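A quick write-up on the structure given underneath.
Just so it is clear, none of the values below were taken in a lab; they were calculated from the coordinates. Owing to the predicted nature of the structure, the values given are computational and were not obtained by experimental measurement. In this analysis, Cβ positions are derived from the backbone assuming ideal geometry, glycine residues included, and neighbour counts consider all displayed protein chains.
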Amino acid sequence: MRWVALFFCVPMCRMQQGIPHRNLGRTDCLDDFGHPGRAWRETDEAGTNRATLVCNLLEGQYENPVLIVAFNTAEGRSLDVTLDIADELRRSYPEFDEVPASVLRFLETTNRH
């Protein structure tokens, strides 16, 4: 398995060096909209990497993220990375002035026990 350094930016912040992670290619988030239901968020090809997903979460672009899956089509596999992303956000968000309520709810529901 290959590990790479993650660099991402968030609103009104400087570039941050993130946490090493598995490079699995496309990363998608299942968002819960309440009564209308759940949906995989539409995004362009450039927006499907892990760094962009983390940035979008910290920008508050998700209502209620419930599942995050990384896909590696070259190797024909997928992986639930919900807890990995939550751990990454826990390590990162104290550095930022404001964290969206959706991220705080996501972190509350994804505690490792």
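Spin-label model, Asp87 to Asp32: label points 7 Å out along the Cα-to-beta-carbon direction sit 2.3 nm apart. Counted residue by residue at 0.36 nm each, then reduced by the alpha carbon distance between them, the extension gain from Arg77 to Glu108 reaches 8.4 nm.
Phi angles of segment 75-85 translate, via the Karplus equation with coefficients 6.51, -1.76, 1.60 and θ = phi - 60°, into HN-Hα couplings of 9, x, 9, 9, 8, 6, 10, 4, 5, 4, 5 Hz per residue; Gly and Pro are given as x. Paramagnetic label reach from Trp40 (point 7 Å along Cα→Cβ; backbone nitrogen cut-off under 13 Å): within segment 60-76, residues 67-73.
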